[in-house]
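J.: Just passing along the structure, written as structure tokens.
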Amino acid sequence: MNARFLAFKLIHAWEKGKGYPEALLQGTFAQYSSLTRQDKAFITELFYGTLRWLNQLDYIIDTFSQVKPQKIRPEVRSLLRLGVYQIYHLDRVPPAAAVYETVEIAKRLRLPAWIIKFINAILRTVSREREKISFPQDDPVCYIALKYAHPEWLVKCWLDEFGEEDTKAICEFNNTPPPVVIRTNTLKISRSALKKQLIEAGVEVYETTLSPEGLIVKKLPCALHDLPGFKTGLFLLQAEISQVISHLVAPKPGEFVLDGCAGVGGKTTHLAQLMQNRGQIFAVEPNSQRQKRLSAHLRRLDVHIVQIKPGHLQEVVSDFPHSYFDRILIDAPCSGLGVLRQHVDLKWKRKPVDIANLASIQIELLEAAAPYVKKDGVLVYVTCTLTREENQEIIRKFLQSFPQYKLESIAHLFPQYSLFCTKDGFFQTLSHKHGREGFFAARLRRL
């Protein structure tokens, strides 16, 4: 299978709402098992790159098109996006090759001759004029949105919150591919021993600076799941700042812990590591597919202290008496605006109304969990977004309603993370300041 043709199919499938990018990509790789590593890398680059720069690519297409934007057929726009991305963003791809290969896909699709000529004309024009392409500078919101490929509503929010230069820096950060970071399963091996084992297998790895279990993986000789130690549960894929969160919860062996929004279990299994597989963790997850992935992680990592609780937190907690848990983690569903470089299509799917809707869910989750923390126990609230409505405002509202809780200073308790703490005591990473994904955490102690 031609790599560009498969990339086109992926782009078009995403446009038609047929799945998340990662699932679509892995499904394609599974279907075409004969693809080489180079093919897979190129397909990934074309697919993710096109999604990352979507509105900018559309602006360029519409600038040079003599057909009204709404008249361009969806499969034709997907093809044009693929071609323009190669011409405008991939220096290692000769523009002539990008034009030719895109036109060949159009022929393979048996598109009408006039459409093939239309595609050819636009791509040749973009190739010829690419050094002259510019974006309107009379409106800062529009300019930043197109130059850095972000939706206008989001750019405006960040301009109001952070100012122009920081907004540009956030957008630039979001357009860089994230590093591959794994978490050592210290129930089975030390970080240093895993690092040594991976180096011996030809992998270039570096230790993370914030997480004591993390390794940054570079120059993979094979797929991650084919590395030595993956099948035997020596490590798990998990971003570095996400690993830090479990250290802020700081569970002790033998404690009772509730992970109120467990997902596929990155933080759940990390909590179990920190507890040395002693105690009890209840992992709440309503989605059946995520439950299956969580269960698979538990088996592979040999984590024995986690019990999966299907359902939503508000329903599940009623199974327990009040003041039952030593610690509760609420890794709340959020807008995800701090992790856009990991989720390349999320910025196009989020809408302003989502923030208010999510904020109402977030405060409900905290309020539902609050009665179930022991006296002197800890409740940790986490998001991976940048909006005050989902972060500081949620905690402010919660403390007004629950005076039996106090906000603890994370800088005081965890001086190793003081660089990432606000004067109010919150943990907050910002890409334009720290060069890392945007996470927020508040640590609340019950009096």
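J.: Tally time: how many residues in the stretch 318-334 are out of contact with any strand residue (DSSP E or B) (no Cβ under 6 Å at 6 or more places or on another chain) and at pLDDT 95 or above? Before the answer, list the steps.
T.: As a first pass, look at the stretch 318-334 and keep what is out of contact with any strand residue (DSSP E or B) (no Cβ under 6 Å at 6 or more places or on another chain): 318-322, 324, 333.
Subset that is at pLDDT 95 or above: 320-322, 324, 333.
Summing the residues that are out of contact with any strand residue (DSSP E or B) (no Cβ under 6 Å at 6 or more places or on another chain) and at pLDDT 95 or above in the stretch 318-334 gives 5.
J.: Right, something else. Looking at Glu437, Glu364, can you tell me which residue is closer than 29 Å to Lys252 by Cα, buried (at least 19 other Cβ atoms within 10 Å of the Cβ) and among the acidic types (Asp, Glu)?
T.: Working: Glu364 fails: buried (at least 19 other Cβ atoms within 10 Å of the Cβ).
Exactly one residue qualifies, and that residue is Glu437.
J.: Could you tell me whether the stretch 144-161 includes any residue that is small (Gly, Ala, Ser) and within 30 Å of Val306 (Cβ to Cβ)? Break it down into steps so the answer makes sense when it comes.
T.: Residues of the stretch 144-161 small (Gly, Ala, Ser): 145, 149.
Next, from what is left, pick out any that are within 30 Å of Val306 (Cβ to Cβ): none.
Looking through the stretch 144-161, none of the residues is small (Gly, Ala, Ser) and within 30 Å of Val306 (Cβ to Cβ).
J.: For residues in the stretch 136-154 being touching a Phe, Trp or Tyr at 6+ places or on another chain (Cβ under 8 Å) and assigned to a helix (DSSP H, G or I), which is surrounded by the most Cβ atoms within 10 Å (Cβ to Cβ)? Walk me through how you get there before you give the answer.
T.: Of all residues in the stretch 136-154, those touching a Phe, Trp or Tyr at 6+ places or on another chain (Cβ under 8 Å) come to 136-137, 142-143, 146-147, 149, 151.
So of that shortlist, the ones also assigned to a helix (DSSP H, G or I) come out as 142-143, 146-147.
On the way: Cys142: 16, Tyr143: 17, Leu146: 21, Lys147: 18.
Selected residue: Leu146.
J.: Another question, if that's okay. Are any of the residues in the stretch 305-316 in a helix (DSSP H, G or I), assigned by TED's automatic domain parsing to the domain that holds Cys261 and in contact with a helix residue (DSSP H, G or I) (Cβ under 7 Å, 6 or more places away or on another chain)?
T.: We begin by selecting, within the stretch 305-316, every residue in a helix (DSSP H, G or I); these are 313-316.
Okay, now just the ones that are also assigned by TED's automatic domain parsing to the domain that holds Cys261, so 313-316.
Pick out the ones that are also in contact with a helix residue (DSSP H, G or I) (Cβ under 7 Å, 6 or more places away or on another chain) and you get 313-314.
Yes: one or more hits.
J.: Ser246 fails exactly one of the following numbered conditions: (1) crowded, with 22+ Cβ neighbours inside 10 Å; (2) touching a strand residue (DSSP E or B) at 6+ places or on another chain (Cβ under 7 Å); (3) within 23 Å of Tyr381 (Cβ to Cβ). What is the number of that condition?
T.: Going through the list (1) crowded, with 22+ Cβ neighbours inside 10 Å; (2) touching a strand residue (DSSP E or B) at 6+ places or on another chain (Cβ under 7 Å); (3) within 23 Å of Tyr381 (Cβ to Cβ), Ser246 breaks only (2).
J.: For the stretch 252-268, check the following and say yes or no: at least one residue is closer than 20 Å to Leu444 by Cα, in a loop (DSSP other than H, G, I, E, B), charged (D, E, K, R) and in contact (Cβ under 8 Å) with a residue 24 or more places away in the chain.
T.: yes
J.: OK, next. When the residues of the stretch 259-293 are narrowed to those that are of a type in the set (Lys, Arg) and closer than 19 Å to Asp326 by Cβ, which ends up surrounded by the fewest Cβ atoms within 10 Å (Cβ to Cβ)?
T.: Step one: filter the stretch 259-293 for residues of a type in the set (Lys, Arg), giving 267, 278, 290, 292-293.
Applying the additional criterion that residues be closer than 19 Å to Asp326 by Cβ yields 267, 278.
On the way: Lys267: 24, Arg278: 12.
So, considering only residues that are of a type in the set (Lys, Arg) and closer than 19 Å to Asp326 by Cβ, the one surrounded by the fewest Cβ atoms within 10 Å (Cβ to Cβ) is Arg278.
J.: Let me ask something additional. Could you run through the stretch 213-222 and say how many residues are assigned to a loop (DSSP other than H, G, I, E, B) and surrounded by 15 or more Cβ atoms within 10 Å (Cβ to Cβ)? Full working, then the answer.
T.: The first filter runs over the stretch 213-222 and keeps only residues assigned to a loop (DSSP other than H, G, I, E, B), leaving 213, 219-222.
Imposing the further condition that a residue be surrounded by 15 or more Cβ atoms within 10 Å (Cβ to Cβ) reduces the set to 213, 220.
Residues meeting the conditions: 2.
J.: Take the residues in the stretch 113-135 that are more than 32 Å from the chain's Cα centre (by Cα), within 17 Å of Tyr85 (Cα to Cα) and among the basic types (Lys, Arg), then tell me which one is surrounded by the most Cβ atoms within 10 Å (Cβ to Cβ).
T.: Across the stretch 113-135, the extreme among qualifying residues is Arg124.
J.: OK, next. Tell me the helices (runs of 4 or more DSSP H) entirely within the stretch 1-63 that contain at least 1 residues that are closer than 25 Å to Phe118 by Cα and of a type in the set (A, V, I, L, M, F, W, C).
T.: Working: elements: 3-15, 21-31, 37-52.
Filter on the stretch 1-63 gives 3-15, 37-52.
J.: Related question: What number of residues in the stretch 317-361 are hydrophobic (A, V, I, L, M, F, W, C), free of Cβ contacts under 8 Å to residues at least 12 places away in the same chain and over 24 Å from Val244 (Cβ atoms)?
T.: First pass over the stretch 317-361, keeping only residues hydrophobic (A, V, I, L, M, F, W, C): 317, 320, 325, 328-330, 332, 334, 337, 339-340, 344, 346, 348, 353, 355-356, 358-359, 361.
Add one more test, that the residue is free of Cβ contacts under 8 Å to residues at least 12 places away in the same chain, and what stays is 346, 353.
Going one step further and asking which of them are over 24 Å from Val244 (Cβ atoms), we end up with 353.
Going through the stretch 317-361 one residue at a time, the tally reaches 1.
J.: Residues Glu200, Glu165: which one is surrounded by fewer than 17 Cβ atoms within 10 Å (Cβ to Cβ), farther than 25 Å from Asp354 by Cα, at pLDDT below 95 and not assigned by TED's automatic domain parsing to the domain that holds Ser65?
T.: Glu200
J.: Please name all residue pairs, on different chains or six or more residues apart, with Cβ atoms under 7 Å, provided the first residue is in the stretch 402-430 and is within 11 Å of Leu248 (Cα to Cα) and the second residue is exposed (fewer than 14 other Cβ atoms within 10 Å of the Cβ).
T.: From the stretch 402-430, the pairs are Ala411/Ser418.
J.: Can Ile105 be described as assigned by TED's automatic domain parsing to the domain that holds Asp58 and either in contact with a Pro (Cβ under 8 Å, 6 or more places away or on another chain) or part of a helix (DSSP H, G or I) (or both)? Reasoning before the result, please.
T.: Working: assigned by TED's automatic domain parsing to the domain that holds Asp58: yes; either in contact with a Pro (Cβ under 8 Å, 6 or more places away or on another chain) or part of a helix (DSSP H, G or I) (or both): yes.
Yes; evaluated as a whole, the condition is true for this residue.
The values are calculated or read from the model by the stated rules, or taken from the named source; none is laboratory data. This one's a predicted model, so the numbers in the text were calculated from it and none came from an experiment. Backbone-built Cβ (ideal geometry, glycine too); neighbour counts: all protein chains shown.
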